[in-house]
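Novice: Pasting in a structure now, in structure tokens, and then I'll have a few things to ask.
The values are calculated or read from the model by the stated rules, or taken from the named source; none is laboratory data. The model shown is predicted, which means the values in this text are computed figures rather than measured ones. Note that we place each Cβ from the backbone using ideal geometry, even for glycine, and neighbour counts take in every protein chain shown.
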Amino acid sequence: MTALAGQPPPLLDEGRRPGVRLRVVQMADAEGLAALYEANRDYLRPWEPERDDSYFTVDGQRDNLHGLVAAHARGEMWPGVILVDGQVAGRITLNNVLRGPLRSCFVGYWVARAHSGRGVASEALRQVLDVAFDDLGLHRVEAFTRVDNHASQRVLERNGFTAVGTSRRHIHVDGRWHDERFFERLAPWDDGVTLAPPG
Ligand SMILES: CC(C)(COP(=O)(O)OP(=O)(O)OC[C@H]1O[C@@H](n2cnc3c(N)ncnc32)[C@H](O)[C@@H]1OP(=O)(O)O)[C@@H](O)C(=O)NCCC(=O)NCCS
């Protein structure tokens with residue numbers, strides 16, 4: 001499961017839908033991600049945490065990726081890149097992986113403006129749910145979206161998430177606190193009793 005620098009992790013779901021693939025981040029993504037974050041800086045500002053200028057540089061992305069690769073190795077998260085026709089087009093992450101009696105995580109994602117509106121996020125979420133429920137053996141994936149982020153809510157609904165409610169003043173982005181809708185999706189193998197997926 002660990003992504004080592006210089007050794008590309010395997011692609012997921014090869015052939016299930018042409019064009020969109022996921023894999024774990026690797027150190028070699030620093031240049032591509034720095035360029036993509038910089039090109040989408042204004043686009044992502046309403047939805048992403050505030051970032052230092054260094055975050056948009058190759059060195060800043062190397063620092064970020066070091067942390068992600070290490071957290072992945074510890075089993076705390078599954079930090080993915082979204083590839084469209086082999087090019088990095090966004091990020092999708094299973095964060096805060098909890099074991100024990102919860103077996104849950106929450107998912108976050110973004111897709112570059114140039115690729116938006118073509119089903120990329122919906123397909124990426126579909127694929128990362130397989131990672132969560134099958135590979136990681138989790139029982140629940142949770143998600144929060146700003147109440148005004150209708151595109152993201154569609155992506156969740158298309159993937160079988162249901163809205164639980166609204167969390168007030170849940171996230172501080174774009175200069176203020178925002179209410180967020182809280183969504184959940186249970187594993188397809190859930191039967192109300194079984195702790196982990198069969199096999
Ligand atoms: C939200 C985001 C990930 C969607 O990515 P995407 O690849 O364009 O998503 P998809 O094409 O798979 O699906 C988008 C859906 O939202 C719908 N949609 C797009 N803009 C919309 C809007 N303003 N209002 C309502 N629905 C909208 C699309 O019609 C589509 O639904 P449909 O297929 O049922 O018609 C992308 O816009 C993004 O990265 N935004 C900035 C970061 C962000 O919001 N991240 C999520 C934080 S929770």
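Novice: Across segment 56-76, what is the number of residues that are under 18 Å from the mean Cα position of the chain (by Cα) and farther than 27 Å from Arg99 by Cα? Working first, answer last.
Specialist: In the first step, residues of segment 56-76 are kept if they are under 18 Å from the mean Cα position of the chain (by Cα); the result is 61, 64-76.
Remaining after also requiring farther than 27 Å from Arg99 by Cα: 61.
Residues that pass the stated criteria total 1.
Novice: OK, next. Residue by residue through segment 138-158, note down the ones that are within 6 Å of the ligand (Cβ to nearest atom) and either surrounded by 18 or more Cβ atoms within 10 Å (Cβ to Cβ) or among the aliphatic types (A, V, I, L, M) (or both).
Specialist: Thr145, Ala151, Ser152, Val155
Novice: Tally time: how many residues in segment 128-137 are surrounded by fewer than 22 Cβ atoms within 10 Å (Cβ to Cβ) and within 16 Å of the ligand (Cβ to nearest atom)?
Specialist: Of the residues in that region, 1 qualify.
Novice: For segment 165-199, what are the residues that are in contact with a strand residue (DSSP E or B) (Cβ under 6 Å, 6 or more places away or on another chain) and surrounded by 13 or more Cβ atoms within 10 Å (Cβ to Cβ)?
Specialist: Correct list: Ser167, His170, Ile171, His178, Asp179, Glu180, Arg181, Phe182, Phe183, Glu184, Arg185, Leu186.
Novice: Give the residue that is nearest to His139 (Cα to Cα), with candidates limited to residues of segment 71-123 that are more than 9 Å from the ligand (Cβ to nearest atom) and hydroxyl-bearing (Ser, Thr, Tyr).
Specialist: If we take residues in segment 71-123 being more than 9 Å from the ligand (Cβ to nearest atom) and hydroxyl-bearing (Ser, Thr, Tyr), then Ser104 is nearest to His139 (Cα to Cα).
Novice: Now a separate question. Given the conditions (1) out of contact with any Lys or Arg (no Cβ under 9 Å at 6 or more places or on another chain); (2) of a type outside the set (Gly, Ala, Ser); (3) touching a residue at least 60 places away in the same chain (Cβ under 8 Å), which single one is not true for Thr194?
Specialist: Checking Thr194 against (1) out of contact with any Lys or Arg (no Cβ under 9 Å at 6 or more places or on another chain); (2) of a type outside the set (Gly, Ala, Ser); (3) touching a residue at least 60 places away in the same chain (Cβ under 8 Å), the one that fails is (3).
Novice: Kindly list the number of the only condition in (1) in a strand (DSSP E or B); (2) on the phi < 0 side of the Ramachandran plot; (3) not hydroxyl-bearing (Ser, Thr, Tyr) that fails for Arg169.
Specialist: (2)
Novice: Does any residue in segment 151-162 that is touching a residue at least 12 places away in the same chain (Cβ under 8 Å) come within less than 7 Å, Cβ to Cβ, of a residue that is of a type in the set (A, V, I, L, M, F, W, C) and part of a helix (DSSP H, G or I) six or more places away or on a different chain, and which pairs are these?
Specialist: Partner pairs satisfying both residue conditions: Val155/Ala121; Val155/Leu125; Asn159/Leu125; Asn159/Leu129.
Novice: Condition check: at pLDDT 95 or above and not in a strand (DSSP E or B). Does Leu129 satisfy that? Before the answer, list the steps.
Specialist: On the way: at pLDDT 95 or above: yes; not in a strand (DSSP E or B): yes.
Taking the combined requirement at face value, the residue satisfies it.
Novice: To continue, here is another question. Condition first: part of a helix (DSSP H, G or I) and over 17 Å from Gly19 (Cα atoms). Can you find one or more residues in segment 99-115 that meet it?
Specialist: No, every residue in segment 99-115 fails to be part of a helix (DSSP H, G or I) and over 17 Å from Gly19 (Cα atoms).
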